[in-house]
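Asks: Handing you this structure, nothing more for now.
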Amino acid sequence: MLFHLLNVITAYKPNKFSKQIKKATKEKHDAIESHPFIRAMIDGSLSDFKYAVYLANLLPIYKAVEMFLFTKNNNSNIVQSKKILEDLSNYSQILNFKFDIEDCPQICFNTEWLKYFLSKSDFFKKVELYIRWLADMYGGQIIKKNITFTKKYEFYNLRQCIQQVRQQIEDGLDETNVDRFIEEVNKAYEFHHKLADKIHECSEQSIREA
Ligand code: HEM
């Protein structure tokens, strides 16, 4: 696993702006990495139900990124929404619960963020491409060890996928916009942190009975 992760980390040599982003957002990354909800994913103590609620809240964000930033010719390996739908459908079957936030408002914790995301220009929408896709490609390779359905973290030729996503992020990134990009990444980490808080705090029973 260590070798695999090293292989992934060295997949692409980030440019100076990417390095600047990583450095300036490290504190927030490390905070979310050690969030009890994420830790529970890693040690296998997170329930399938809560993980599925988490996936259901991420799905619209992935869909929006893909709608605005991907083209029909995109590498199908990084179209995450399809994989998430497959995972969610499997969770629905084993848990006998329909994880559809439109039909089920009690599991919907992303409305404000989605509104904010949609108000941004396409360039700054790339912040979610950065946060979510790289999280799946790096941290996800560790997380998937203790998750029941892991389609979201499966990438054919992971190194190439990382390269593609990083190149798309770096395209147009320069000294005029890197500071704002960093600001937006930090905001996005805060949203993801709060999302983890909310799902961590609620109980399966309260959701099922709502
Ligand atoms: C299980 C918890 C996690 C672990 C163990 C983990 C680990 C890692 C590792 C090893 C890297 C590569 C660092 C490098 O290039 O030197 C990375 C990158 C990254 N992770 Fe995580 N991560 C976790 C959770 C998350 C979460 C929950 C998010 C966001 C919601 C996230 C977002 C990112 C991003 C955006 C990068 C790219 C950083 C950059 O190179 O600019 N990670 N992570």
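Here, each number is a calculation from the coordinates, and none is a lab measurement. A quick note: this is a predicted structure, and the numbers were derived from the prediction, not measured. FYI the Cβ positions are ideal-geometry reconstructions off the backbone, even for glycines, and counts take in every protein chain you see.
Asks: Taking the Cα centre of region 53-181 as the origin and placing charges on Cβ (Lys, Arg +1; Asp, Glu -1), which of Tyr62, Gln168, Gly140 is farthest toward the positive end of the dipole?
Replies: Positive-most Cα among the choices belongs to Gly140.
Asks: So, in Å, what gap is there between the alpha-carbon centers of region 144-179 and region 1-71?
Replies: For region 144-179 versus region 1-71, the Cα centre distance is 9 Å.
Asks: Sticking with this one: Counting residues in region 2-209 as N, plug N into 2.2 N^0.38 Å and put the Cα Rg over that result.
Replies: 0.99
Asks: Assign one of three labels to region 91-210, namely rounded, prolate or oblate, based on the Cα gyration tensor with a ≥ b ≥ c the square roots of its eigenvalues; rounded applies when a/c is under 1.5, prolate when it is not and a/b is larger than b/c, and oblate otherwise.
Replies: Cα axes put region 91-210 in the oblate bin.
Asks: Name the GluC sites (Glu not before Pro) in region 45-110 that are in a loop by DSSP and that have at most 15 other C-beta atoms within 10 Å, would you?
Replies: When the GluC sites (Glu not before Pro) of region 45-110 are filtered for loop state and at most 15 Cβ neighbours within 10 Å, Glu102 remain.
Asks: Using a 7 Å offset from the Cα along the Cα-to-Cβ direction at both Asp171 and Cys202, what is the distance between the two label points in nm, to one decimal?
Replies: 3.7
Asks: In nm, to one decimal, how far is the modelled label at Ser119 from the one at Asp179, with both set 7 Å along Cα→Cβ?
Replies: 2.2
Asks: Let's test the formula: R0 of 45 Å, r as the Cβ-Cβ distance of Glu209 and Thr10. What FRET efficiency results, to the nearest 0.05? Display every interim value, and only then the final one.
Replies: On the way: r = 48 Å, r/R0 = 1.08.
According to the calculation, E is roughly 0.40.
Asks: Any chance you could give the angle, 0 to 90 degrees and rounded to 10, that helix 158-170 forms with the longest Cα principal axis of the chain?
Replies: 60
Asks: My understanding is that a pair violates if its Cα-Cα distance is over 26 Å; which of Lys23/Lys50; Lys16/Lys151; Lys151/Lys194 do that in this structure?
Replies: Over 26 Å Cα-Cα: Lys23/Lys50; Lys16/Lys151.
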